[in-house]
Amino acid sequence: MTEAPAMRELLGEDTPTNWGKWGPDDEVGCLNYLDAGEVLRGIRHVRTGEVFTLQTPMGHPKGDPVFPGRESIDRENILDESSWGPGKEDAPDFPGGLHYADDVAKIFLQGSSQYDALGHVWYDGKIWNGYDAETTVGGLDKASVLPIAEKGVVGRGVLIDMARHRGKDNLEKGETFDHHDLMEAAAAQGVTIEKHDVLLIRTGFIGYWYRTTPEEFYQDFNEPGLTYSRELVEWFRDTEIPNLVTDTIANEVTKEPETGVALPLHCALMRNLGVTLSEVIWLDDLAEACARDGRWTFLYAAAPLKVVQGTGSPVNPIAIR
Ligand code: UVW
């Protein structure tokens, strides 16, 4: 097998960046585009008041879809009704006889529906905005998920249903699409992707997780998704997309078909342009509703958790139609 080129070689020295665009201290990148005017623009796309929550379950009985190497949530009850009774003198004893349940969980912050911090990936020793990758050691001192969580993400969402457009329940492993395909699907849906839209793309691949077995899902693991080209990166830069949201684990085809490079768009979009990535998002119910009445835009709102130095955060985004 020929060796994949280095990320710098694939993207090129002159790859588009937004470093410095919002000053030397910026940690939220393209989310800066989502100002009060964009919130009001999003609100104008609410018609019926239907609410869709877009998180996948944490701790589903069949396990949760995670990137290879990560694990589903490990949640354990440490207090429940069995904690009280004969021989259980250590149980909390409140006047009046109150009993309660408590649990503790170990989670990968990227182990369910999530927001990635801009400092989550890098190459050549630099993360978003040119911060030194040494600032990631022991926790993200720069471009963690905290500033994203403090800002919140609210704007006009547009959903492009690539699976439906291609007449499939879900795109297949390794199946790719680009911005031309997105615009073609958008035109077929009767919608346009506008500047500053939160861009949601449905592939059906998280739905596939629930329809298949983990063995089948992970065999020759290669998610479908966007594929790298310089033109695609320029399109993201020019369209000023603040946030890319998909129902895949990593928002792009896992391994580039031509070069074999893994996840180059993470670097080109997140590290270089400052586009926030949201992954493992549940879009099937929202897509059903949009397809029913042909309205593919809505108010999108998401508040990741304020995890100090976090590389990401679980999230339950909301779409209001
Ligand atoms: C990796 O960074 C490997 O994946 P994700 O963006 O899904 O967290």
> Say we look at the range 248-287 and pick out the residues that are part of a loop (DSSP other than H, G, I, E, B) and among the acidic types (D, E); which of these is farthest from G174 (Cα to Cα)?
Replying inline: E258
>> Taking the conditions exactly as written (within 18 Å of the chain's Cα centre (by Cα) and aliphatic (A, V, I, L, M)), does L140 satisfy them or not?
In response: no
> Any chance the range 38-51 includes a residue that's in the same structural domain as N316 (by TED's automatic domain parsing) and open to solvent by less than 30 Å² (accessible area, probe 1.4 Å)?
Replying inline: yes
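Out of the residues in the range 179-229 meeting the condition of being among the hydrophobic types (A, V, I, L, M, F, W, C) and assigned to a strand (DSSP E or B), tell me which one is farthest from the chain's Cα centre (by Cα).
Filtering first and then ranking leaves L226.
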> Do you know which residues across the range 65-76 are surrounded by 12 or more Cβ atoms within 10 Å (Cβ to Cβ) and free of Cβ contacts under 8 Å to residues at least 60 places away in the same chain?
Replying inline: R70, E71, S72, I73, D74, R75
> Taking the condition of a type outside the set (G, A, S) and open to solvent by 20 Å² or more (accessible area, probe 1.4 Å), does F177 pass?
Replying inline: no
> Do you know which of the residues in the range 246-299 that are within 16 Å of the ligand (Cβ to nearest atom) and hydroxyl-bearing (S, T, Y) is surrounded by the fewest Cβ atoms within 10 Å (Cβ to Cβ)?
Replying inline: T254
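The values are calculated or read from the model by the stated rules, or taken from the named source; none is laboratory data. Only a predicted model underlies this, so the values are computations on that prediction, with no experimental measurement involved. Virtual Cβ from ideal backbone geometry, glycine too; neighbours counted across all protein chains shown. Heavy atoms of the whole protein, side chains included, go into the accessibility calculation; ligands, DNA and RNA do not. Shrake-Rupley method; radii C 1.70, N 1.55, O 1.52, S 1.80 Å.
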